[in-house]
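These notes are about the structure you will find just below.
The values are calculated or read from the model by the stated rules, or taken from the named source; none is laboratory data. Only a predicted model underlies this, so the values are computations on that prediction, with no experimental measurement involved. Surface accessibility is based on the protein's heavy atoms, side chains included, excluding ligands, DNA and RNA. Shrake-Rupley method; radii C 1.70, N 1.55, O 1.52, S 1.80 Å.
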Amino acid sequence: MNQVIEQLNGLSSYDESIAYLKSELDWNLDDQAVADFVKLIEKRFV
């Protein structure tokens, strides 16, 4: 988890972060836990 957060901290946009989760980690964005995490990412860039 720490590696994922480090990678996400190095990205410069919400879209870039979501693309990373989808392509590099193959996370299911429809999963509730992932959706909650995505909300945190969204707050970071808003």
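Per residue, how much accessible area does the chain show when a 1.4 Å probe rolls over the protein heavy atoms, in square angstrom? Intermediate values should be presented prior to the final figure.
On the way: 3540 Å² over 46 residues.
Each residue of the chain exposes 77 Å² on average to a 1.4 Å probe.
How big is the accessible area of Leu11 in square angstrom, nearest 10, if you roll a 1.4 angstrom probe over the protein chains?
Estimated to the nearest 10 Å², Leu11 gives 40 Å².
In whole angstrom, how long is each semi-axis of the equivalent ellipsoid of the chain, when you take the square root of 5 times every eigenvalue of its Cα gyration tensor and sort them from largest down?
Its equivalent ellipsoid spans semi-axes of 15, 13, 10 Å.
How big is the accessible area of Tyr14 in square angstrom, nearest 10, if you roll a 1.4 angstrom probe over the protein chains?
80 Å²
Using a probe of 1.4 angstrom, how much of the accessible area of the chain is carbon and sulfur, in percent?
47 percent
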